[in-house]
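Take a look at the structure set out below.
Any read-out appearing in this document is the output of simple, stated calculations on the displayed coordinates, not a laboratory observation. Everything numeric here is computed off the predicted structure, so don't read it as measured data. All Cβ positions, even for glycine, are placed from backbone atoms using ideal geometry, and neighbour counts span all protein chains on display.
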Amino acid sequence: MKLTVLSADDLRAALPMDAAIEAMKEGFADLSAGLTVSPHPVIIPVPETADSPGGTTLIKSAYAPGALGAKMVSVFPGNRDRHLPVTPGLVVMLDPETGLPRAILEGTYVTALRTGAASGAATDLLARADAGIGALFGTGGQAAAQIRAIDCVRNFDEIRVYSRAPESVASFIERVGPSVRARLVAAAGPDEAIDGADVICTATTSPVPVFDGTRLKPGAHVNGVGTFKLVMREIDGSTVERSKVFVDSRQAAQGEAGDLMIAVDEGLTSVDRWIELGEVVAGRRPGRTRPEDITFFKSVGVAVQDVKACTLALERASRLGLGRVIEL
């Protein structure tokens, strides 16, 4: 059995952000049209031990037209102190006609890329065309792809970066700044980050809201990608209540989006009001309808994103002669 292996460097070369964004739009449209199969993820809580603060491992699998595969991804916040990825992962792709294993791909980069590309797709579809100021909360493994994605679809004058670990902001700006068109600036606090901002991305593992939604300007767009458990709430109820809410998957959001489900319990929103991004891509539901609308895209991440991104990466890598082949 021959398998193609793509490293993170192979993926960076094979799948630029603009192509990944278009793949996400296609994947979301397929999902909302009922053309995909994506079982509930297997969630494995890993308990704390004397040597580790523990974490969570998820197994996500999906079929989409022309794509079949599964990803194992973990969220181990303690890895940050070990100088290891907080969200390590691995993707296995199968031939959708035979089920035979086809490829192994480095999953940490895939997760960051497809999560960023989802925010890029949402920003392209929902944010005001004249958006000029961005804001980012978090400087971890997901953060760089968030900035690169929104920078790909809008011409920002500046993007403000805030973290509760301020020492990480300067190094993040130095590392990521040269790869984007916008000027990256450090924000001293949450209010400074969002006041007047047109597009806000949150990419943290915070269990409590990271900014005050009452301060959002009319016409703002928010991408929330960091939280993935019903007990986590990165985005506050004020933001949800003021927003038109968009999700990658209504079903997945009900099982994983604490930001939304806590707001449901508080009577601030309801599932029937949420619009899937794929419905907007297909033109079946409207996105932004007024300049002053506040829009909020909550992404919990669905495996369709992974298999669509990896299928396109494999196609492009083959044309470019990237990766290596191993035989089992």
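Structure values in brief
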{"quantity": "With Cα atoms, 0 to 90° folded angle of helix 303-320 axis to the chain main axis", "calculated": "60 degrees"}
{"quantity": "Nonlocal amide H pairs with residue 160, under 5 Å, H built at 1.01 Å", "calculated": "134, 135, 136, 185"}
{"quantity": "Gyration tensor verdict on segment 96-144 (Cα atoms; rounded if a/c is under 1.5, prolate if a/b is larger than b/c, oblate otherwise)", "calculated": "oblate"}
{"quantity": "Span from the segment 67-81 Cα centroid across to the segment 296-328 one, whole angstrom", "calculated": "15 Å"}
{"quantity": "Amide proton proximity set for residue 196, modelled H, under 5 Å, gap of 5+", "calculated": "217"}
{"quantity": "Selected from 71, 308, 229 as most flexible by GNM, with the chain as the system and alpha-carbon contacts under 10 Å", "calculated": "229"}
{"quantity": "Theoretical ellipticity at 222 nm over the chain - DSSP helices of four or more residues, -39500 (n - 2.57) apiece, nearest 500", "calculated": "-10000 deg cm²/dmol"}
{"quantity": "Residue range of the chain that is longest and free of GluC sites (Glu not before Pro) which are both DSSP loop and sparsely packed (at most 16 other C-beta within 10 Å)", "calculated": "98-265"}
{"quantity": "Neighbourhood net charge (14 Å Cβ-Cβ; Lys/Arg +1, Asp/Glu -1) for residue 206", "calculated": "0"}
{"quantity": "The chain: angle of helix 107-126 to the longest principal axis, Cα-based, in degrees nearest 10", "calculated": "40 degrees"}
{"quantity": "Under 5 Å, built H, 5+ apart or other chain: amide partners of residue 246", "calculated": "275, 296, 297, 298"}
{"quantity": "Mean Cα-pair separation over length for segment 123-302, i.e. relative contact order, pairs under 8 Å, 6 or more apart, %", "calculated": "22 percent"}
{"quantity": "Degrees separating the helix 167-176 axis from the principal Cα axis of the chain, which is the longest one", "calculated": "60 degrees"}
{"quantity": "The chain: projected area of the alpha-carbon convex hull, averaged over directions, in nm²", "calculated": "16.4 nm²"}
{"quantity": "Whole-number percent relative contact order across the chain, with pairs defined as alpha carbons under 8 Å at least 6 apart", "calculated": "23 percent"}
{"quantity": "³J(HN,Hα), Karplus 6.51/-1.76/1.60, whole Hz, each residue of segment 56-66, x for Gly, Pro", "calculated": "9, 10, 10, 10, 10, 9, 7, 10, 9, x, x"}
